[in-house]
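See below for the structure under consideration.
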Amino acid sequence: MQPIQAPYPTTRFRRLRRTAALRALVQETTLTTGDLIWPVFLCDGANQRQPVASMPGVERLSLDLIVGAAADARDLGIPAICLFPYTDPGLKTADCREAWNPENLTNRAIRAIKAQVPDIAVMTDVALDPYNAHGHDGLVVDGVILNDETVEALVKMALAQAASGADILGPSDMMDGRIGAIRAALESAGHKDVAILSYAAKYASAFYGPFRDAVGATGALKGDKKTYQMNPANSDEAIRLVARDLAEGADMVMVKPGMPYLDICARAKDAFGAPTFAYQVSGEYAMIQAAAQNGWIDGEKAMVESLLAFKRAGCDGILTYFAPAVAKLLRG
């Protein structure tokens, strides 16, 4: 579409920027609370709030408090929360068996939330790194991350989460074939209504560091994740991965990280039209918070601007640690 406009001075773009009312009338992109998924961190115990030092304002919450957080999110109009566990190091093993334990931290949290706050959607993480003695998203043998064996483990993990009442599963591991295997297993087990939000284009990024602190994976990780997460230099590969995951049964797809990859968000949405999400990851959040705390930027304005950028790029929603703060702001 070619814009039709008279030359200056007949056309003056500043006319529609003159007042807040005029700017609101022609604003192309809007951000609402319905666009938000709030990632939250779990810890064991009771009445526990454990600050995450590298993520100012973020805490790990014990199960009794996570239910209250879910209720707060619902009351703010946030439609979904996503659970990430801080697993006791004593439960981390090479075979990652705690990942599909029906009584693990995540599965207990799902049941507690759905029992008391049934109208909020609960999303989970499907990856082995919180349970892995090696800190990787997959099973490791002789330094090699195994694909097919990991997929078998992920299927067991996904089924345990679905049985606990999860609404959305988020496979974040980047193993080949895991979406098709999980979807087939869900259908066979009678969990046909459980949605999959696939981390379809997840990059081997430097922006994940604070998250690994939050889930206790930093010290455990040996090596890097470049053999299964994407090369940050690649764009076409991301589109091929999104196409594959949709073909295997993903209901929604995600790009991770977010702001450095807005071009991927736009390409994925334009190419497929499927529900497309981005994860404003821990490093992105931490940078905005640190700069704001030092007085270098206006944190509130930077928060809103960053989230609008995702919507402008075509995202249907954003996973962001800012969710409660921006929801309060949007609701006045």
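No lab work stands behind these numbers, since they all come straight from the coordinates. Because the structure is predicted, anything quoted here is derived from the model rather than measured. Quick reminder, even Gly has a Cβ in these numbers, built from the backbone with ideal geometry, and neighbours come from all protein chains shown.
A few notes on this one:
- MRE, 222 nm, helices only [DSSP H, n ≥ 4, -39500 (n - 2.57), over the chain, to nearest 500]: -11500 deg cm²/dmol
- All Cα pairs of segment 1-103, percent lying beyond 18 Å: 68 percent
- Distance violations [Cα-Cα > 26 Å] among K92/K269; K156/K222; K226/K311; K92/K328; K156/K311; K92/K225: K92/K269; K226/K311; K92/K328; K156/K311
- D119/T32 FRET efficiency (R0 22 Å; Cβ-Cβ; nearest 0.05): 0.80
- Sparse-neighbour loop sites [trypsin sites (Lys or Arg not before Pro); segment 110-215; at most 11 other C-beta within 10 Å; DSSP]: K192
- DSSP bridge pairs, the chain: antiparallel proportion in percent, nearest 5: 10 percent
- Calculated P(r) tail over 33 Å for the chain, as whole % of Cα pairs: 25 percent
- With R₀ fixed at 35 Å, the C-beta to C-beta distance from R23 to A271 puts the FRET efficiency at about 0.65.
- Segment 89-138 and segment 1-59 have their alpha-carbon centroids 31 Å apart.
- Positive-end residue, segment 57-169 charge dipole about Cα centroid, Cβ charges, pick of A115, I81, L128: A115
- Filtered trypsin sites (Lys or Arg not before Pro), segment 218-310: DSSP coil and at most 13 other beta carbons within 10 Å: K222, K226
- Stretched out straight at 0.36 nm per residue, the stretch from A133 to E59 would grow longer than its current Cα-Cα span by 24.3 nm.
- Placing +1 on each Lys and Arg Cβ and -1 on each Asp and Glu Cβ, with no other charges, gives the chain a dipole about its Cα centre of roughly 1440 debye.
- Ignoring the sites themselves, the chain has its longest run without GluC sites (Glu not before Pro) in a DSSP loop having at most 11 other Cβ atoms within 10 Å at 104-332.
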